[in-house]
Every structure is written in structure tokens, then in C-alpha cells.
Amino acid sequence: MEKQKLPVSEIPKVYDPKQVEKNWYQHWLDRGYFRASADPRKKPYSIVIPPPNITGILHMGHALNNTLQDILVRYHRMTGRQALWMPGTDHAGIATQNVVEKSLREEGLTRHALGREKFLERVWKWRQKYGNTIIRQLRRLGCSCDWDRTRFTMDEGLSQAVREVFVRLYEKGLIYRGKYIINWCPRCQTALSDEEVQHKEVTGHLYYLKYEIEDSGGQTVTIATTRPETMLGDTAIGCHPDDERYHHLKGKTALLPLLGRRLRIIQDEEIDPQFGTGVLKITPAHDPVDFNLAARHGLEAVNIFRPDGTLNENAGPFVGLDRFEARRKIITELEDRRILLETKEHLHSVGHCYRCQTIVEPYLSLQWFVRMEPLAKPAIAAVKKGKTVFTPGRWTKVYLDWMTHIKDWCISRQIWWGHRIPVWYCGRCRTAEVLREIEAGAGKRTTGGGKAYAEPGMMVCRQAPEACRTCGSTELTQDPDVLDTWFSSWLWPFSIFGWPEKNKDLRYFYPTSCLVTGYEIIFFWVARMMMAGLEFMGKEPFKEVYIHGIVRDETGAKMSKSLGNAVDPIRVIDQYGADALRYAIVSITSEGQDVYASEEKFEVGRNFSNKIWNAARFVLMNLDPGLSLSKPPRRASLSPIDRWILSRLNQAIAGVSLSLDRSRFNEAVSTLYDFFWHEFCDWYLELSKPAIKSLPTQWTLAHVLENTLKLLHPFMPFITEEIWQRLPHRGDSIMISPWPAADKAWIDRKIEGELQLVVGEIQAIRNVRAAWQINPKDSVTVAIKTAREKEQGILKDYSTTIVQMAKVSSLQIGKNIKRPKESAVANVGRVETYVVLSGLVDIQVERQRIEAALADVEKMIRGLRSRLANRDFLTKAPREIVEKEQKKAEELENRKKRLEENLRTLC
RNA sequence: GGGCGGUUAGCUCAGUCGGUUAGAGCGUCUGAUUUACAUUCAGAAGGUCCAUGGUUCGAAUCCAUGACCGCCCACCA
């Protein structure tokens with residue numbers, strides 16, 4: 001974009017982000033600055049985006065997550081690394097299917113009515129229409145992803161990687177199929193992994209039921225349960241073998257109320273005698289504990305639910321009822337028959353579907369699983385050895401705990417949108433008998449020891465086979481299920497580079513440098529990527545995992561669209577600008593803590609943008625057209641004030657770089673805010689006004705501004721580019737300009753210290769003015785004829801400057817006298833009003849002021865003296881601390897003397 | 001049941017290796033305006049750093065115990 005330099009007078013007073021953001025983003029795209037490719041001359045820096053769901057709409061969590069990534073990428077790009085940010089989206093199996101099904105419902109359609117193929121066409125269409133919303137929104141945020149490389153988890157290449165991984169794991173004996181209790185969502189009608197179930201504490205009820213013992217003359221046993229409807233599937237009852245209360249039940253049989261089924265009475269160590277009555281009803285098909293007990297004791301499993309959560313034929317008179325309705329009916333029935341003895345409130349946690357919040361049902365069904373333990377071992381080792389580091393470190397433990405107690409991963413989903421399981425079955429080989437055997441194989445783990453799981457007539461292939469390998473039949477059907485969404489996401493860090501093909505990008509950019517994500521997907525995603533990366537690439541997928549907090553609203557609720565409390569980042573960008581949003585969200589994110597977003601935070605960001613804008617406006621207004629930034633003036637020609645701000649600048653460069661290297665984003669941004677606003681603008685800009693015609697000062701203004709813009713660029717890319725383009729810069733864009741290096745030669749602690757003293761003096765004068773209650777309107781009398789004038793060196797220079805600025809005048813306080821008309825005074829700006837004539841002092845007030853100050857100083861001196869008199873302190877504290885304190889004490893003594901002298905002269 | 005995080009100004013929060021008189025933003029109050037910026041500037045008020053005990057010359061910071069708030073994990077029938 002060729003930008004005509006506006007005459008300064010036409011730079012608007014208020015920063016307007018709209019056009020600026022659009023133009024510069026397009027400029028960056030046009031010039032290809034986001035692109036990165038393998039370049040052996042440079043060090044790589046790579047990040048893969050946590051792929052947002054295609055159903056996603058940018059929320060504050062995304063804004064935080066992606067701003068942090070963009071900061072890292074932009075920073076490292078400027079430091080000269082080959083920085084790549086790989087973007088992409090996730091097909092989000094269940095979530096997307098739900099969305100499309102919902103839109104079908106509005107048309108009065110169901111996916112079943114439509115059929116699998118037609119339905120998938122609809123999903124693809126939906127994806128084409130809405131699936132890139134979030135990508136567009138990320139661009140508005142300013143994300144510098146290499147968009148040409150954008151991937152989608154259902155792209156052909158990534159799908160191929162999925163099949164490859166499935167087959168390899170299968171051949172290694174790490175994938176098997178089996179009939180187990182899994183988490184079933186009756187609404188989505190699919191299996192869920194353990195991680196996809198959210199447990200919530202709810203107050204339910206504990207029902208005490210009376211079961212009759214067979215042939216015992218009416219003896220009964222009382223059993224406590226939270227889910228009475230599952231009694232219909234009971235096939236046994238049990239107690240702890242050492243529970244003396246129930247020894248008389250050994251070998252007996254109980255009778256199931258309502259249905260009259262005969263129930264074995266078993267003993268098992270796993271049954272807790274403390275819970276309820278100590279007797280457990282055993283429902284193998286609907287409870288994981290019971291399922292295990294049943295496997296040990298050879299009990300039959302009776303399934304009483306249909307996939308949609310209604311009761312099936314096994315439920316006798318309750319067939320067809322919904323599970324919760326059935327619960328109510330059964331309770332009433334049991335009450336009527338006096339089988340329900342007691343109902344107590346009971347706090348327990350109930351699993352909910354993470355997609356639709358329906359209560360999840362433990363359900364016995366045939367599913368595919370990944371055997372995780374062998375995969376977890378290297379993933380544990382890699383983190384223990386520090387190959388991958390978590391920031392903040394406390395997540396290491398969370399990760400390791402989960403990995404150590406890892407359970408097998410249920411990967412099949414009974415939905416249509418996703419990667420179809422690459423398994424085919426031969427209709428001829430799978431006779432009714434074979435199928436019965438498979439069905440009957442509940443609980444038997446048929447694989448292990450490196451051998452592939454096998455079923456007659458089953459083929460696991462990378463491509464659809466033409467014919468059955470055993471009998472040659474072409475009567476083949478593919479497994480109808482699809483894979484868990486995360487089965488493609490866990491390959492993301494290498495599948496996006498074209499794995500299994502070995503190529504330059506993979507070699508150059510893998511392992512990636514940093515993964516930025518929230519803690520809610522450590523188990524879903526981070527841990528599994530570690531396993532996949534180590535298994536298939538032989539290397540950890542990232543050097544660092546940066547875990548940030550969750551964005552909440554002011555009341556602490558997790559922001560979500562459904563709660564209606566979400567602050568829409570796009571609205572914030574429209575209203576305040578992307579830079580303001582980015583600044584705000586970073587400034588409130590301290591390491592790993594959850595953050596609370598609110599309107600006022602974005603206002604602070606907008607105000608900061610505007611401050612930057614106006615400071616730049618001032619500098620540009622005063623810059624000599626011939627000034628060259630690349631030709632620094634001789635050091636001697638710089639005023640002490642110039643040298644002060646240059647020193648401060650270099651401290652800021654060092655501080656910001658260090659903070660970024662340590663991933664302390666909020667620290668970096670606050671350093672910049674303080675430096676820019678409270679040092680550069682409040683002091684330097686004001687003090688530069690009298691010297692504004694001086695070229696060295698102009699150079700300093702422009703130089704400090706330019707370098708601060710660079711430091712700010714990763715955080716606030718748009719406004720920094722806009723201003724930088726108006727400066728006499730070199731190069732095409734700030735985003736590819738080199739990151740400033742802190743030049744130690746410029747850091748001058750002496751000048752900083754001395755100017756701090758002067759600043760202190762000015763502050764003291766401000767205080768005097770306040771104490772005297774001088775209305776500056778009346779009292780522009782300005783002088784700094786203090787003792788300081790006699791002092792040597794910088795202090796004197798500085799005081800002189802102020803005197804010059806102020807144009808000492810002899811106006812008197814209290815009279816409404818017009819301000820002097822000298823232009824110099826007008827130019828002085830705000831500083832002028834701070835400086836006040838000494839001499840015309842209310843002696844009483846001044847004495848009070850000095851006495852108060854003296855008291856303060858004396859108090860501090862007492863504290864210091866007692867410390868310095870302490871032998872332990874002198875011998876045990878580090879020397880530099882002691883020296884610092886001694887110096888401080890001296891300074892205080894001097895100050896005290898001055899104050900006392902002032903007091904004497906007053907009297 | 002296990003684990004993690006938090007408790008600092010009226011509000012929201014920083015506070016690194018234990019070391020000056022504990023900071024910021026917002027809010028409140030007082031004042032400023034020929035100004036790059038009212039999306040601005042100056043000033044003031046406002047603190048038992050959750051409690052108790054310990055370590056230390058020195059603790060908001062380290063240790064122990066407890067309280068309260070929040071989160072995560074677990075086969076809490």
C-alpha cells in the first residue's frame with residue numbers, strides 16, 4: 001500500500017482504528033509477511049494453532065489464546081527467526097453434526113430421513129458457508145498466521161494421516177474392539193470418551209429398597225441405590241466378604257422386586273460395607289463397577305435401555321418409557337408395594353455430555369478403543385526429562401497424574417460427521433454365529449502383547465479393500481462409526497506438515513516451539529498430542545506448553561454464548577479497535593490465572609491507543625523534515641533530559657525482551673505502558689517542548705518513539721504500523737523490522753538517579769503549591785531559585801532548563817494577574833503551572849510542611865539506623881543490601897539537614 | 001476421597017531472588033485547560049497483605065496448621 005504522507009495538520013486528533021486495521025492487514029498479506037518456509041540459514045520458530053471448531057465464533061477465550069500466539073510469533077519474527085504460525089480448523093464431529101441437525105429440524109427433517117450421504121453433503125455445504133467465520137475473525141484480531149497453509153482436520157491429507165495412524169496402532173495391537181460399559185449420550189446417541197463427560201455435583205436421592213430372600217420365610221435385605229430404575233437390569237446382589245451382618249446370605253438367592261428375577265448373592269472385596277446398607281444391587285449393563293463385578297463372577301448382563309434412553313423389552317411393564325419417567329413410575333410402584341423403605345438426600349456427581357449437557361448413561365456396547373498405557377510411557381518420560389516444559393510448572397503434575405492413571409480411549413462415535421473407521425467386514429465370513437460370538441465377548445480384552453486384535457471377516461486397511469482377504473467375497477461393508485474428533489486433533493502438530501510423507505517442513509518446523517492453550521484441554525488434546533508425537537515422530541511435538549487461564553465475565557462465570565454473558569470480541573474490535581482489545585486482554589492475564597473481562601478494561605486499551613496516537617502526532621508535528629533517524633547525534637549534543645529518556649528506553653527494551661522470553665506477557669505490556677505513558681509522555685514530551693527546535697532532541701523524540709513502537713508491535717500491531725509508516729523509517733513494514741537491542745552504553749544509572757532527584761524536587765514544588773492552596777490561575781509566578789541552583793553538574797543544567805522554560809517572573813500570589821505573554825511560557829505547557837515562586841510563602845503553612853517532611857524522614861532514619869546497628873544484619877545480610885541501606889541512610893541524613901536548614905531560614 | 005488455585009486499597013488485580021516508605025487501573029474527592037491527547041493533566045483520601053504459629057538480621061513473599069472462595073480428578077451403588 002503506497003500511503004501518501006498526510007500533512008501533519010490533517011492527522012486526526014482521535015485515533016480511528018477501522019480503516020487503519022483493514023489497510024495494514026491487507027498490506028501484510030499482499031507482501032506475504034506471514035509466510036514462512038524452511039530456511040536453513042535461520043532458526044525456526046513454529047506454533048500450531050489450537051484449531052478452532054468450524055462451528056466456532058470468536059469468543060474472548062479465542063481472543064486471549066490467539067493474541068498470545070500472535071505476540072510470540074511477531075516477537076520471534078522480529079528477532080530474526082523463521083517464524084511460522086500454522087492455522088487451521090477442526091471438523092468438531094459431534095458439535096458440527098448437532099448444529100447441522102438443528103438446522104435440519106427447522107426444515108422438519110432428520111438426518112435419518114435424509115440418509116448418510118445426503119446428510120454429509122449438507123454438512124460439507126454448511127462448512128463451506130459458515131466454517132470459515134472464525135478464520136475471518138482471527139484476521140480481524142490481527143493474527144499473523146501463514147494462511148496459505150491453512151488446514152482442516154477433514155482435508156484429504158489429514159484424513160490419510162488418520163487412517164495411517166489407525167492401521168499402525170491396530171497392527172501394533174494398540175487398537176481393539178470390545179463390548180464394555182462406555183459413556184452414552186442418549187441425545188447425541190453416541191459413545192463418549194471419559195474426557196467428554198463433565199461431572200457435576202447434584203443433590204439426588206438415595207432410595208432404600210427391600211429385596212426378598214428366596215425360601216427364607218419372608219426374610220429381606222435392604223439395598224440403597226441412587227438410580228432405582230436400573231433395578232430392572234439387576235442380575236445379582238452383593239456385599240463385602242467380611243461383612244458379618246450379611247454372612248447368613250451366603251449361597252442364597254434374592255428375588256428382584258417387580259420382575260421376580262432370581263438374583264445370586266455374591267461376595268466381593270470391592271463392595272464398600274460403609275456405603276448405604278453395605279449391600280449392592282448389581283446391574284452389569286448400566287454401571288461400570290457392576291460390570292467389573294459381573295465379569296469376575298460370571299454374571300449375565302441385562303440391558304434395559306434403548307440408545308435413545310427409553311426402556312426396552314427387558315423392562316417389562318415399563319417398556320417405552322423415558323429413563324426419568326421410568327424412575328418416577330418405579331418409585332411410585334415401589335412405594336405402593338412398600339418395597340421402598342426410605343428416601344434420603346444424597347450429594348453425588350452426575351456425568352453430563354460436554355456437547356449437549358444431557359445426563360450421560362453408562363451403557364454396554366461394542367466400541368473401538370486405543371490401548372493407552374504403552375503410548376503414555378514415553379509421554380511421561382519426555383516431560384520428566386524436560387523435553388517439554390509446562391508454563392506454569394504446576395500443570396506438569398496434573399499432566400503426569402493423568403498420564404500415570406490413564407485409561408483406554410474409546411474412539412468410536414455413532415455419528416456420521418467425521419473420519420470413518422477404516423475397517424471393513426465381509427458379509428460372507430461373518431455368519432450369524434460369528435456375530436453372536438462377538439456380541440457375547442463382553443469384557444474380554446482380546447488383544448495385547450503386540451498382537452493385533454482379530455475378528456473373523458474383519459479387515460483394517462488404509463484404503464477400501466476390493467475383496468475379502470479370506471474368502472474373496474466382495475460383499476464388504478465399512479464400519480458405520482466414525483472416529484472421535486480428537487483422533488485427528490492429536491496428530492495436528494505433524495499431520496499439518498504432510499505426515500506420513502517425510503518433507504522439509506516437517507524436518508524444519510517439528511518439534512514446534514510453543515503450544516499455547518487453556519487448561520481445559522490438557523487431557524483432551526495436549527496429553528494426546530504428546531503421545532502421538534512421540535509414537536509417530538519419535539519426538540515431542542512442542543518444547544513448551546504455555547497454559548493460560550479461562551476468560552470469565554465480571555461475575556466469575558465462564559463466558560459462554562448460552563449464558564448470554566459473553567463480551568463479543570468483534571464488537572470490542574469495532575468499538576475500540578483490535579489493538580485495544582489485544583492490549584486489554586494481555587494486560588489482565590497474569591500467569592495461568594483465570595481472567596475477568598469487562599468493558600472498562602477495553603476502555604483502558606482504547607485510551608492507551610489514543611495516547612500513543614497523540615504522542616506520535618506531537619512528535620510528527622515537530623519533526624524537522626530533514627531529520628534522519630539513522631544518524632544519531634553526537635552524544636555531547638544531547639541534553640541531560642535526552643540522555644535520561646534514552647537510558648529509560650534501553651531499560652524498557654531490556655525489560656520487555658526479558659519478560660517476553662519468560663512468557664510474562666502482562667509484565668511486558670505493563671513495562672511498556674508505564675514507560676510510554678508515564679515517562680515518555682508525562683515527562684519527556686513535556687520537557688522536550690522548550691527544546692523542540694533542537695535537532696538532537698527531535699532525533700531523540702523520533703528515536704524513542706520508533707523503538708517503543710517496535711516493542712509495542714507484537715501487542716498492538718496495527719497502530720504501531722500506522723505510526724511507524726509516518727516516521728522517517730527504513731524498510732517496508734514494522735513487522736519485519738529488527739527487534740530493538742538494549743544498548744548498555746545508553747543505560748546511565750547516574751543520570752536516571754539525578755533526574756529522579758529533580759523529578760522529586762518538582763514533585764515537592766507541586767506539593768508546596770497544593771499545600772499553599774495556590775490557585776495556579778493567579779500564581780503563575782515561576783521560579784526555581786532554590787539551593788539546587790548552586791549545585792554542580794546535571795542538576796544545575798536541569799534546573800536552568802526549567803528556569804528558562806518558566807521564564808522567571810515576579811508576579812505575586814493572590815492577585816488576579818494576567819499570565820506573562822512570552823511565547824516561551826505558552827510553550828511550556830503543563831510544566832509551567834507546576835513551578836511556583838519561593839519566597840512568597842505563608843510561613844506557618846511552610847513550617848508545617850517542612851516539619852511533616854522532617855518527621856517522615858526521621859522515622860525512616862530511625863528504622864534504617866536500628867537496622868544498621870544490628871550486628872546480625874551487618875554480618876548476615878548480603879553486602880550489597882547493607883551498602884544500599886547505608887547509602888540510603890546518608891541520603892536521608894542530607895535531606896534532613898536540608899530540611900532543617902530550610903526551617904531555620906524560615907524562622 | 002485426592003489434587004490444584006485464590007484470599008493484598010471501595011472494586012478488579014500486579015507484586016520476580018525474602019531486602020527502600022507494599023503498587024497499578026478503575027471508582028471517589030480536590031484542582032487544572034491558549035496544551036499532542038478530556039479517550040488529557042496534577043493532587044488527595046483509601047492497607048491488620050485471610051488467621052495463628054514457625055524459620056530469618058529481615059516475611060505479602062518461605063514452612064506448618066486452620067478458615068473461606070473457586071476449579072480439576074475419582075467406579076460417592
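Tabulated data for the structure shown
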| item | result |
| --- | --- |
| Enumeration of residues in region A:396-426 that are open to solvent by less than 20 Å² (accessible area, probe 1.4 Å) and farther than 27 Å from A:ALA454 by Cα | A:TYR399, A:MET403 |
| Count of residues meeting criterion [in a strand (DSSP E or B) and under 19 Å from A:GLY316 (Cβ atoms)] in region A:224-236 | 2 |
| Complete set of residues in region A:664-711 that are polar (S, T, N, Q) and either open to solvent by less than 10 Å² (accessible area, probe 1.4 Å) or not in a loop (DSSP other than H, G, I, E, B) (or both) | A:ASN666, A:SER670, A:THR671, A:SER688, A:THR697, A:GLN698, A:THR700, A:ASN707, A:THR708 |
| Scan of region A:326-364 for residues that are in a strand (DSSP E or B) and more than 30 Å from A:SER193 (Cα to Cα), ordered by number | A:LEU340, A:LEU341, A:GLU342, A:THR343, A:LYS344 |
| In region A:859-875, the residues that are surrounded by 10 or more Cβ atoms within 10 Å (Cβ to Cβ), among the basic types (Lys, Arg) and modelled with pLDDT of 80 or more | A:ARG865, A:ARG867 |
| Tabulated pairs, region A:333-355, first among the small types (Gly, Ala, Ser), second surrounded by 15 or more Cβ atoms within 10 Å (Cβ to Cβ) and in a helix (DSSP H, G or I), C-beta under 7 angstrom, 6+ apart or interchain | none |
| Selection count, region A:230-281, where residues are in contact (Cβ under 8 Å) with a residue 40 or more places away in the chain, within 7 Å of RNA strand B (Cβ to nearest atom) and within 13 Å of A:LEU293 (Cα to Cα) | 2 |
| Qualifying residues in region A:573-626 (those that are more than 23 Å from A:ASN65 (Cβ to Cβ), assigned to a helix (DSSP H, G or I) and at pLDDT below 90) - the one nearest to RNA strand B (Cβ to nearest atom) | A:MET621 |
| Residue within region A:214-222 that is at pLDDT 85 or above, within 11 Å of RNA strand B (Cβ to nearest atom) and either open to solvent by 20 Å² or more (accessible area, probe 1.4 Å) or among the aliphatic types (A, V, I, L, M) (or both) present | no |
| Scope region A:352-395; condition open to solvent by less than 40 Å² (accessible area, probe 1.4 Å), within 30 Å of A:LEU660 (Cα to Cα) and within 15 Å of RNA strand B (Cβ to nearest atom); matching residues | A:PHE390, A:THR391, A:PRO392, A:TRP395 |
| Of all residues making up region A:178-213, the number that are within 12 Å of RNA strand B (Cβ to nearest atom) and either of a type in the set (Lys, Arg) or not in a strand (DSSP E or B) (or both) | 5 |
| A:LEU340 modelled with pLDDT of 85 or more and more than 13 Å from RNA strand B (Cβ to nearest atom) | no |
| A:ALA295 being more than 8 Å from RNA strand B (Cβ to nearest atom), in contact (Cβ under 8 Å) with a residue 60 or more places away in the chain and part of a loop (DSSP other than H, G, I, E, B) | no |
| Residue within region A:243-253 that is in a loop (DSSP other than H, G, I, E, B) and under 20 Å from A:ASN303 (Cβ atoms) present | no |
| Single residue of region A:9-56 satisfying the filter (in contact with a Cys (Cβ under 9 Å, 6 or more places away or on another chain) and in a loop (DSSP other than H, G, I, E, B)) that is farthest from A:TRP492 (Cα to Cα) | A:PHE34 |
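Residues checked against (1) without any contact (Cβ under 8 Å) to a residue 12 or more places away in the chain; (2) touching a strand residue (DSSP E or B) at 6+ places or on another chain (Cβ under 9 Å); (3) not hydroxyl-bearing (Ser, Thr, Tyr):
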| site | (1), (2), (3) |
| --- | --- |
| A:VAL567 | no, yes, yes |
| A:VAL572 | no, no, yes |
| A:GLN575 | no, no, yes |
| A:GLN593 | no, yes, yes |
| A:SER609 | no, no, no |
| A:TRP613 | no, no, yes |
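Let's see how each residue does on (1) of a type outside the set (A, V, I, L, M, F, W, C); (2) at pLDDT 90 or above:
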site: A:GLN82; (1), (2): yes, yes
site: A:TRP85; (1), (2): no, yes
site: A:THR89; (1), (2): yes, yes
site: A:ARG105; (1), (2): yes, no
site: A:GLY108; (1), (2): yes, no
site: A:HIS112; (1), (2): yes, no
site: A:TYR130; (1), (2): yes, no
site: A:TYR170; (1), (2): yes, yes
site: A:ILE181; (1), (2): no, no
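The values are calculated or read from the model by the stated rules, or taken from the named source; none is laboratory data. Not measured: the values here are computed from a predicted model. Cβ atoms come from the backbone with ideal geometry, glycine included; neighbour counts cover every protein chain shown. For accessibility, only protein heavy atoms count, side chains too; no ligands or nucleic acids. Shrake-Rupley method; radii C 1.70, N 1.55, O 1.52, S 1.80 Å.
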